[in-house]
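Colleague: Here's a structure for you.
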Amino acid sequence: MWPFLALTALAALVGILYRWRRQSREQQARIAELDQRLRESNERFRRELEQEHAGQEVIFDCMIEGLVVLDSEGRIRLINQAVENLFQLNAEARGRTLLEAFRRHELQDLANRASAQGQALGLELTLDGPSPRCLAINATAFHDTGGTQRGVILVFHDVTRLNELEATRREFVANVSHELRTPITIIKGYVETLLDGARNDPQLSLKFLQTIEKHTNRLTFLIEDLLTISQLEEGRIVVNHQWGQLHTLVAKVLEDFASRAAARNIALANQVPESLALRADLDRLQQVLVNLIDNAIKYGRAGGHVSVAARILGAQDSPERIEISVTDDGPGIPKESIDRIFERFYRVDTARSREQGGTGLGLSIVKHIVQAHGGDVSAESQPGKGTTFRLTLPGEPPSPPVR
Ligand code: ADP
């Protein structure tokens, strides 16, 4: 009996051992499979992280704003291209402190304060050099989900252009206020004097009323010029190209100025070839001619000459550009002023310009109109000998038409 039992027990044992072995093999295979899957998913995760990181770097480098991220020890962990360009950093900045990388105490101090105070702080910094830049920098401490401070982020905005625009705006408002106040003060003064009794003197009344009229006209011109310039600067004026004879247009403008020129004994000459046809916004071109001829008569020499000429640049049948010039033989414009006369409100002799009813905006309007046509304007002057304003317009209208 016992051999049978022993055999049965042995068989059962072999069965158990066999099952164990099979199970163990299966488990090993499963473990190997799990291990493989884990490896693959780790690899995938690593690649995704790397891609994400590279993507972030690309995004950071595409940013117009500069960005620097400091770790909890105040060392640079991330820095984008915009900052490297702004500060012209050549050496590797990662791993260094702000002071080591930028050599600017203000930056290090800003980051230290933002870190210590745990709040956003700002700073304006000027970078000297051939083209100085003005930067607005914001620094903020950042924290992990547990609330532990992990570092500081600094964002750099280049506000140079913004500051320039703001300065131009302030200067423009100051100029306009001044230009408006001067005639208004004069008008008010004369009106008060008339009311105080001067009106009883007919001769004095007439003189005062003429002065009031002159300054009222000046205000009207100023407001008209301001409206024109604001429309031109906002691009609200559409250039309506049409064909016209330049000689005829110049003749019309010169005729309008005949009495003003005669009052200063100035001879006007139309030297534009009669055959010259051009395509431009003729109303706007007339405004350009009016402003230039008006100046030539105003600032030219009493008893002198003012002439308007034109020529075709390039082939006659397909002109590349048409050049129009207005020349006087007056005292001219000093060398140091020639580049500035197209600026709004710039005058060589402010008192003289105001006395002549000038607004200081005439040449600025000329420049805008010519540029809206796709052209250019410049001035040449020889002090004591005279001035030539030269404008060139495209022979064909720009396509699509420039507004
Ligand atoms: P304004 O209303 O003062 O004439 P403009 O913009 O037309 O303003 O001209 C700017 C300044 O340029 C004038 O104030 C004057 O000093 C100078 N200027 C313009 N044209 C001439 C010229 N033909 N000869 C001398 N100076 C000129």
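Colleague: Can you pull out the GluC sites (Glu not before Pro) in the range 1-107 whose DSSP state is coil and whose Cβ has at most 12 other Cβ atoms within 10 Å?
Modeller: Of the GluC sites (Glu not before Pro), the ones in loops of the range 1-107 whose Cβ has at most 12 other Cβ atoms within 10 Å are E73, E92.
Colleague: Give me the net charge for the shell around A174: Cβ to Cβ below 12 angstrom, other residues only, Lys and Arg +1, Asp and Glu -1. Please list the in-between numbers first.
Modeller: Numbers: positive: R169, R170, R181, R344; negative: E171, E179.
Here the charged neighbours net out to +2.
Colleague: Here's another thing I want to ask about it. Per DSSP H run of at least 4 residues, take -39500 (n - 2.57); add these up for the chain, divide by its residues and hand me the 222 nm value, nearest 500 deg cm²/dmol.
Modeller: -17500 deg cm²/dmol
Colleague: Rounded, prolate or oblate, given the Cα gyration tensor of the range 175-300, with a/c below 1.5 counting as rounded?
Modeller: Working: a/c = 3.67, a/b = 1.75, b/c = 2.10.
It comes out oblate by the Cα gyration axes.
Colleague: Next question. Which aspartates and glutamates have a Cα less than 18 Å from the Cα of K207, not counting those fewer than 8 places away in the same chain?
Modeller: E192, D196, E355
Colleague: I've got another one for you. Might you report the magnitude of the Cβ-based charge dipole of the chain about its Cα centre, with Lys and Arg at +1 and Asp and Glu at -1, to the nearest 20 debye?
Modeller: Dipole about the Cα centre, nearest 20: 740 debye.
Colleague: Please compute the modelled spin-label separation between K207 and T168, points set 7 Å along Cα→Cβ, answer in nm with one decimal.
Modeller: 4.5
Colleague: Over the Cα atoms, compute the radius of gyration (one decimal) and Dmax (the largest Cα-Cα distance, rounded to a whole number) for the range 258-334, in Å.
Modeller: According to the Cα coordinates of the range 258-334, Rg and Dmax are 14.0, 41 Å.
Colleague: Moving to a separate point now. Filter the GluC sites (Glu not before Pro) in the range 294-378 down to the DSSP loop ones having no more than 16 other Cβ atoms within 10 Å, then list what survives. Write out the running numbers ahead of the final one.
Modeller: Working: sites: E320, E323, E336, E343, E355; in loops: E343.
In loop regions of the range 294-378 (DSSP not H, G, I, E or B), the sparsely surrounded GluC sites (Glu not before Pro) are E343.
Colleague: Okay, moving on. Taking K252 as the anchor, which lysines have their alpha carbon closer than 30 Å to its alpha carbon, excluding any fewer than eight residues away along the same chain?
Modeller: The qualifying lysines are K214, K298, K367, K385.
Colleague: While we're here: Rounded to whole Å, give me the distance from the Cα center of the range 30-46 to that of the range 281-325.
Modeller: Measuring centre to centre over Cα atoms gives 82 Å.
Colleague: Same structure, new question: Considering only the other residues whose Cβ falls under 15 Å of the Cβ of H157, what net charge follows from Lys and Arg at +1 and Asp and Glu at -1?
Modeller: Values: positive: R133, R161; negative: E65, E124, D158, E164, E166.
Cβ neighbours under 15 Å give a net charge of -3.
Colleague: In nm², what is the average projected area of the convex hull enclosing the Cα atoms of the range 1-158?
Modeller: On the way: hull surface 61.3 nm².
Its average projected convex-hull area is 15.3 nm².
Colleague: In terms of the Cα gyration tensor, with a ≥ b ≥ c the square roots of its eigenvalues, is the chain rounded because a/c is under 1.5, prolate because a/b exceeds b/c, or oblate?
Modeller: prolate
Colleague: Using the Cα gyration tensor of the range 177-249, with a ≥ b ≥ c the square roots of its eigenvalues, what is the shape: rounded (a/c below 1.5), prolate (a/b larger than b/c) or oblate (neither)?
Modeller: Because a/c hits 1.5 or more and a/b fails to exceed b/c, the range 177-249 counts as oblate.
A short reminder: the numbers here are calculations on the coordinates, not readings from a lab. Just so you know, these numbers come straight off a predicted model, no measurement behind them. Here the Cβ is made from the backbone with ideal geometry for all residues, glycine too, and neighbour counts use every protein chain on show.
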